[in-house]
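S.K.: I'd like to ask some things about the structure below.
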Amino acid sequence: MAKYIFKPTDLKEMKDSYDLVIIGSGGTGMVAALQAKELGLSPVILEKMDKMGGNTNRASSGMNAAETDFQLQHHIVDSFEDFYQETLKGGGGLNNKEMLNYFTSHGALAIDWLADRGIELNDITITGGMKIKRTHRPASKAAIGGYLVTELLKQVEKEEIPLFAKVKVDKLIADGDMVTGLDVQLPNNETKEISAKAVILATGGFGANKELLKKYRPDLDGYDTTNQAGATGDGIKLATEIGAGLVDMDQVQVHPTVQQDTGHAYLIGEATRGEGAILVNAKGERFVNELDTRKNVTNAINELPEKSAYLIYDSGIRENVPAINFYDHIGLVEHGDSLADLAANIDVDPETLQATVASWNEAVTSGQDSAFGRDSGMDQTIDHGGYEAIHIAPAVHYTMGGLKIDAKTHVLTESDQPIAGLFAGGEVAGGLHGNNRIGGNSIAETVVFGRQTGQQAYKYLANLK
């Protein structure tokens with residue numbers, strides 16, 4: 001099947017005035033635009049990069065939601081309350097509870113909304129920090145990000161929503177505490193002023209902005225990042241210049257399993273562990289509950305002398321994680337016909353690795369991991385042949401902090417006053433995740449709060465008339 005190629009709107013079609021401008025073409029921005037269009041608005045999307053989709057392209061595991069029809073089809077009975085409590089616990093209790101309540105109770109609606117548009121996430125897996133399978137992904141088990149970006153772009157094209165690429169927003173224009181427009185830089189370096197009655201910031205986080213990371217988390221200076229080059233916190237700068245407040249800016253998530261030996265950082269998605277992979281140290285021993293929160297797994301790896309580890313799995317687990325085909329294709333995977341072969345290839349003691357895997361297989365069979373208390377992602381033993389390993393170490397992955405918003409996605413000042421006409425959703429906004437984001441919650445956030453920004457912008461504009 002021919003690969004879908006999206007063509008951005010010709011710049012000659014850019015107008016001087018729009019009712020709603022959305023900055024950023026990742027999951028949040030495209031969902032916001034589609035929701036707004038369905039409500040009768042005429043939104044436009046501005047993207048500074050030449051590639052659409054932002055960091056959403058890099059998401060791998062899936063989209064968390066509770067009480068979905070797809071869960072029931074898999075005989076999984078879940079609850080909003082459990083989803084809320086596990087996310088609150090995962091975030092160290094620092095989550096904005098109003099936002100969290102909206103998020104956990106609107107995930108199933110977001111899954112349905114996608115399905116109504118032909119974007120079905122009907123396979124279910126699990127990620128670290130969750131006790132139940134609520135991570136939704138396509139039936140193909142493909143990485144969620146690329147799938148979602150492609151399907152949303154098709155919808156944007158179908159709905160004839162203008163999406164301009166290589167257009168950078170330099171400044172938001174406000175009249176008092178009300179947004180009235182923005183200044184943009186075009187690809188030919190010309191500047192243009194656009195008037196807008198409402199603006200949605202969907203610009204993502206600042207995981208690729210070394211200066212901001214150094215300012216708020218100097219201890220992470222020098223860490224590699226899993227973020228695409230455009231994740232530089234633009235929305236944070238734009239909004240704070242007109243009085244927006246910030247929250248949790250020092251809360252930066254380091255992802256524990258990132259392959260960094262090739263000069264590039266490749267995130268090895270949590271689904272690999274969710275389907276049954278284990279982590280071993282340089283001696284070939286397990287050292288952590290692999291599906292503990294990202295924060296705890298990262299800390300455990302950083303406490304090892306080598307500050308890195310190996311993911312160990314077999315052909316049975318690989319079948320359920322198609323992303324491994326890509327990792328293998330680009331040379332990130334070590335192979336062994338037997339565990340002893342694999343041990344030799346990764347320079348760990350064969351007897352230790354064999355004993356570690358045998359002990360793990362017993363834990364899976366008995367359903368009891370007495371060594372580290374793991375109680376999820378234990379459906380598969382590692383004894384199907386085709387043994388493989390991926391060398392990993394932690395890297396900067398996600399910024400939990402960002403603009404201060406409420407559950408209705410209004411951007412707030414430091415004193416909690418809404419800036420009229422300004423909305424934000426996704427990674428540019430802080431507060432939802434507390435001090436640690438659970439895997440699968442970022443894609444859920446883009447859809448849940450992308451829809452909310454579109455709905456609230458519609459309400460705001462309706463009240464202006």
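The values are calculated or read from the model by the stated rules, or taken from the named source; none is laboratory data. All of these numbers come straight from a predicted model, not from anything done at the bench. Cβ atoms come from the backbone with ideal geometry, glycine included; neighbour counts cover every protein chain shown. Calculation scope for accessible area: heavy atoms of the full protein, side chains included, ligands and nucleic acids excluded. Shrake-Rupley method; radii C 1.70, N 1.55, O 1.52, S 1.80 Å.
S.K.: So in the range 124-180, with the set limited to residues that are open to solvent by 20 Å² or more (accessible area, probe 1.4 Å), among the hydroxyl-bearing types (Ser, Thr, Tyr) and in contact (Cβ under 8 Å) with a residue 40 or more places away in the chain, which one is nearest to Thr240 (Cα to Cα)?
M.R.: Among those residues, the one meeting the criterion is Thr180.
S.K.: Moving on to the next point. Among the residues of the range 49-60 satisfying the criterion of being surrounded by 22 or more Cβ atoms within 10 Å (Cβ to Cβ) and part of a loop (DSSP other than H, G, I, E, B), which is modelled with the lowest pLDDT?
M.R.: Ser60
S.K.: Sticking with this structure for a sec: Quick check on my filter: what residues within the range 120-142 are of a type outside the set (Val, Ile, Thr) and assigned to a strand (DSSP E or B)?
M.R.: Asp123, His136, Arg137
S.K.: When you scan the range 352-374, do you find a residue that is open to solvent by 30 Å² or more (accessible area, probe 1.4 Å), closer than 30 Å to Thr203 by Cα and either in contact (Cβ under 8 Å) with a residue 24 or more places away in the chain or part of a strand (DSSP E or B) (or both), even just one?
M.R.: Checked the range 352-374: no residue is open to solvent by 30 Å² or more (accessible area, probe 1.4 Å), closer than 30 Å to Thr203 by Cα and either in contact (Cβ under 8 Å) with a residue 24 or more places away in the chain or part of a strand (DSSP E or B) (or both).
S.K.: When you look at Ile443, is it under 29 Å from Ala265 (Cβ atoms), at pLDDT 95 or above, under 24 Å from the mean Cα position of the chain (by Cα) and part of a helix (DSSP H, G or I), yes or no?
M.R.: Here the answer is yes, as Ile443 does meet what is asked.
S.K.: If you don't mind, there's one more thing I want to ask. Any residue that is modelled with pLDDT of 95 or more, within 23 Å of the chain's Cα centre (by Cα) and either assigned to a helix (DSSP H, G or I) or at negative phi (or both) - is there at least one of those in the range 331-345?
M.R.: For the range 331-345, residues modelled with pLDDT of 95 or more, within 23 Å of the chain's Cα centre (by Cα) and either assigned to a helix (DSSP H, G or I) or at negative phi (or both): present.
S.K.: Follow-up question, since we're still on this one. Filter the range 114-123 down to the residues that are among the hydrophobic types (A, V, I, L, M, F, W, C) and without any contact (Cβ under 8 Å) to a residue 60 or more places away in the chain and list them by number.
M.R.: The answer is Ala115, Ile119, Leu121.
S.K.: Another question, then. Could you tell me how many of the residues in the range 399-418 are touching an Asp or Glu at 6+ places or on another chain (Cβ under 7 Å), open to solvent by less than 10 Å² (accessible area, probe 1.4 Å) and either farther than 30 Å from Leu461 by Cβ or not small (Gly, Ala, Ser) (or both)?
M.R.: 2
S.K.: Of the conditions (1) within 21 Å of Asp123 (Cα to Cα); (2) part of a helix (DSSP H, G or I); (3) touching a residue at least 40 places away in the same chain (Cβ under 8 Å); (4) within 23 Å of the chain's Cα centre (by Cα), Val321 satisfies every one except a single condition; which number is it?
M.R.: Answer for Val321: the failing condition is (2).
S.K.: I'm trying to understand the selection: among the residues of the range 32-48, which are open to solvent by 20 Å² or more (accessible area, probe 1.4 Å), on the phi < 0 side of the Ramachandran plot and part of a loop (DSSP other than H, G, I, E, B)?
M.R.: Scanning the range 32-48 gives Leu39, Ser42, Lys48.
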